[in-house]
Amino acid sequence: MLAMNYGQPSIERALSGLRAANIQRLLVLPLYPQYSATTTASVFDRVSRTLERIRWLPEFRFITHYHDDPAWQDTVADSITTYQDKHGSPERLVFSFHGIPRRNLMAGDPYYCQCQASARRIAERLELDRRDWIVTFQSRLGRAEWLRPYTDETLRALAREGVGRVQVICPGFAVDCLETLDEIAHENREAFLAAGGRSLDYIPCLNDSPHHAHMLAALCRRHGQGWPEFEGRSAIGSSELDSRRRRAVRAAEQLGSL
């Protein structure tokens, strides 16, 4: 079931629907390949706050990250190859991740390291020379220092250095969002061209591609090992659930008559 941390259908609404359907095992997959307290952990917090109001908790598993999943790395690399087969290769490939304040990194948040590892593994699959790609961070807010290097400053610097053509991909996002499309495909493209660059192409996220869907399904199957729904074994049928419900009601009525 789909749920949104900030939007509709909300996590609260989704969990309410699952409880009404008597779901007894819950696997949560936040669509953030890299873990951060600002993203993945916020999903855990919201799910936990909702579950704490339930008397009988379901069995609960939570996928904290999947940046190190070889299938995810392969899928992103394949999407880059497919794009470049149609549009050609750039002089520089930019891996742009959403930024977080630098103080988060110093406090122990693994996000920065997981972003670096993501880009490195994808670049290895593409057999890129280390000079052909770079990691940057976008979408900073406020006056505090955020993770560097900043995407906008890097693109302007590349243009001034004589790099004419770049391609930008954002592997920290499972799907394209308006924020990234506007910031990268429009604002940063204009900044790059104004600084002397010739072209900036945005490589779309994995979105609803079949390879992405299959990769996520396989990820869930691995994390669901041992549960009958994931092992091909029969789960409790509706007739058995109805029988259990009737017995529980009779027991409650008997307690009320004591």
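The values are calculated or read from the model by the stated rules, or taken from the named source; none is laboratory data. Quick caveat, the model's predicted, so the values are computed rather than measured. Please note: Cβ atoms are built from the backbone with ideal geometry, for glycine as well, and neighbour counts cover all protein chains shown. Heads up: the accessible areas ignore ligands, DNA and RNA and are worked out on the full protein's heavy atoms, side chains in. Shrake-Rupley method; radii C 1.70, N 1.55, O 1.52, S 1.80 Å.
Inside segment 135-186, can you point out the residues that are surrounded by fewer than 12 Cβ atoms within 10 Å (Cβ to Cβ) and hydrophobic (A, V, I, L, M, F, W, C)? Scanning segment 135-186 gives L141, A144, L178. Considering R61, R103, the condition of being surrounded by fewer than 18 Cβ atoms within 10 Å (Cβ to Cβ), in contact with a Leu (Cβ under 7 Å, 6 or more places away or on another chain) and modelled with pLDDT of 95 or more is satisfied by R61 alone.
Could you list, in sequence order, all residues of segment 31-57 that are farther than 28 Å from A123 by Cα and open to solvent by less than 30 Å² (accessible area, probe 1.4 Å)? Within segment 31-57, S42, V43, V47, T50, L51 qualify. Considering L26, L57, the condition of being part of a strand (DSSP E or B) and free of Cβ contacts under 8 Å to residues at least 40 places away in the same chain is satisfied by L26 alone.
Only one entry of R140, R125 meets the criterion of being at pLDDT below 95 and under 22 Å from P33 (Cβ atoms), and that entry is R140.
Scanning segment 155-177 for residues that are at negative phi and either out of contact with any strand residue (DSSP E or B) (no Cβ under 8 Å at 6 or more places or on another chain) or assigned to a helix (DSSP H, G or I) (or both) gives L155, R156, A157, L158, A159, R160, E161, A174, V175, D176, C177.
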